[in-house]
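Below: the structure, in C-alpha cells.
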Amino acid sequence: MKGKQSFFDLARLLAVIGGTLTLFAGFVEFGFFFTRRSLPSLDLVASTFAYGVAAIVLGLIAIVGSRHVKTLAWDFALVIVGVVAYPIGGGFPWGWGPILILVGGVLAILALLA
C-alpha cells in the first residue's frame, strides 16, 4: 500500500507542476499584446485570446484534478486535459506542462489498476 501511495503522490506532483506550467503558458499568451509595437489584426487578437483562456482553464482543471488522483474519472480527465492542452503548450518551458499532466494521469491510472 505504501508503494501505491508514492505513485499517487508522484502523479499529484506531476499534475500540479504541469498544470502550473500550462497556466503560466496562458498568461504568457496574453503578454503577446504588450510586446507588439503595431496594432494586431482582429483575427490575431481573437485567436490569442482564445488560446490564452483555454490554456488557463486547462491549467486550472489540472491543478484541481490533482487533488483527486485516486478517482479513476479524474485520472481520465487529466489524460484528456494533457492531450487537449498539448497543441496550446507554446514554447520550450511551457510545452512540458501538458506532457507532465498526461504522464501524471497515466501514472495515476496505472497505480489504480495495479
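Results, tabulated for the structure shown:
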item: Selected residue (only one of I61, I88, I56, I99 is of a type outside the set (K, R) and modelled with pLDDT of 95 or more); result: I61
item: Any pair with Cβ under 8 angstrom, 6 or more apart, that starts in segment 1-27 at a residue that is farther than 10 Å from A55 by Cα and ends at one that is outside any helix (DSSP H, G or I) and among the basic types (K, R); result: F8/K70
item: Flag if R67 is out of contact with any strand residue (DSSP E or B) (no Cβ under 8 Å at 6 or more places or on another chain), of a type in the set (D, E, K, R) and farther than 24 Å from G3 by Cβ; result: no
item: Residue within segment 63-71 that is over 13 Å from the mean Cα position of the chain (by Cα), in a helix (DSSP H, G or I), small (G, A, S) and under 21 Å from V106 (Cβ atoms) present; result: no
item: Scope segment 38-62; condition without any contact (Cβ under 8 Å) to a residue 12 or more places away in the chain and either surrounded by 17 or more Cβ atoms within 10 Å (Cβ to Cβ) or not in a helix (DSSP H, G or I) (or both); matching residues; result: S38, L39, P40, S41
item: Hits in segment 72-105 - residues which are over 13 Å from the mean Cα position of the chain (by Cα) and among the β-branched types (V, I, T); result: none
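Here's the yes/no breakdown for (1) under 20 Å from the mean Cα position of the chain (by Cα); (2) within 15 Å of W94 (Cα to Cα):
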position	(1), (2)
R37	no, no
A54	yes, yes
L58	yes, yes
I61	yes, no
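The values are calculated or read from the model by the stated rules, or taken from the named source; none is laboratory data. The shown structure was predicted, so the numbers you read here are calculated from the model rather than taken from an experiment. When we count neighbours, we look across all protein chains shown, and the Cβ atoms used for this are built from the backbone with ideal geometry, even at glycine.
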